[in-house]
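Notes follow once the structure below has been shown.
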Amino acid sequence: EESMSPPSWHARLSRECHGKTVLYIEDNPLIASGIRTWLESVGFTVLFADNGRHGKALFEANHHRIDAIIQDYILPGIKGDELLSFFVAKRPDLPVIIVSAENDIECVNRLLTIGARELIRKPFKMDELFGCLARVLQVQTEPDAVRTEATSG
C-alpha cells in the first residue's frame, strides 16, 4: 500500500510530465538505455549525454527549456560536483538529481550543499527515480485528488 503500483504512477507522470525536458547524463550505456526508454515512455523529452562535457554543451544550448537534470556523479570528462556547480550557477531554480554509488556522507553533504535537489544511490529501482522526479517537478502523486466545489459537512 505504501508505494503506488507502476501503472498508476506511470499514468499520472505521463499526464503531468508530458512534454517536459530532462537532461540525462550517464556514461554506462546499459543503465542509460533503460532509463532513457522509461523517461521517453512517460512522455519526457530526453536530452542525453554520455559524458560531462557533452552534458555541459547540451545544457548550454538548451538551458532555457530543461525542466530537470539527472546526472551520474562519476563521469568521464568532468567531475560530478564541478558539473553540478556549473548547472546551479546558471539555473539555480533547476532541480538536479544526482545518481551515485558514492556512500561517503561528506561527499553526499557536499553535493546537497552545492545544490543537488535529490540524491539516488545506485543500484536503484525505477520507482525511486520516479519519486525523485515527482518531488522535484512537484507532480501530484496522490490518487487523483478529489476537487469539489461543495464544502464538506
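Couple of notes before you dig in:
- Solvent-accessible area, 1.4 Å probe, carbon plus sulfur percent, for the range 101-142: 47
- Within the shell of other residues whose beta carbon sits under 15 angstrom from the beta carbon of P95, the net charge comes to +2, with Lys and Arg scored +1 and Asp and Glu -1.
- Here the range 47-111 is assigned +1 on the Cβ of each Lys and Arg and -1 on the Cβ of each Asp and Glu. Its dipole about the Cα centre then comes out at about 280 debye.
The values are calculated or read from the model by the stated rules, or taken from the named source; none is laboratory data. Values in this document were obtained by computation on a predicted structure and should not be read as measured data. Cβ coordinates were reconstructed from backbone atoms using ideal geometry, including for glycine residues, and neighbour counts include every protein chain displayed. Calculation scope for accessible area: heavy atoms of the full protein, side chains included, ligands and nucleic acids excluded. Shrake-Rupley method; radii C 1.70, N 1.55, O 1.52, S 1.80 Å.
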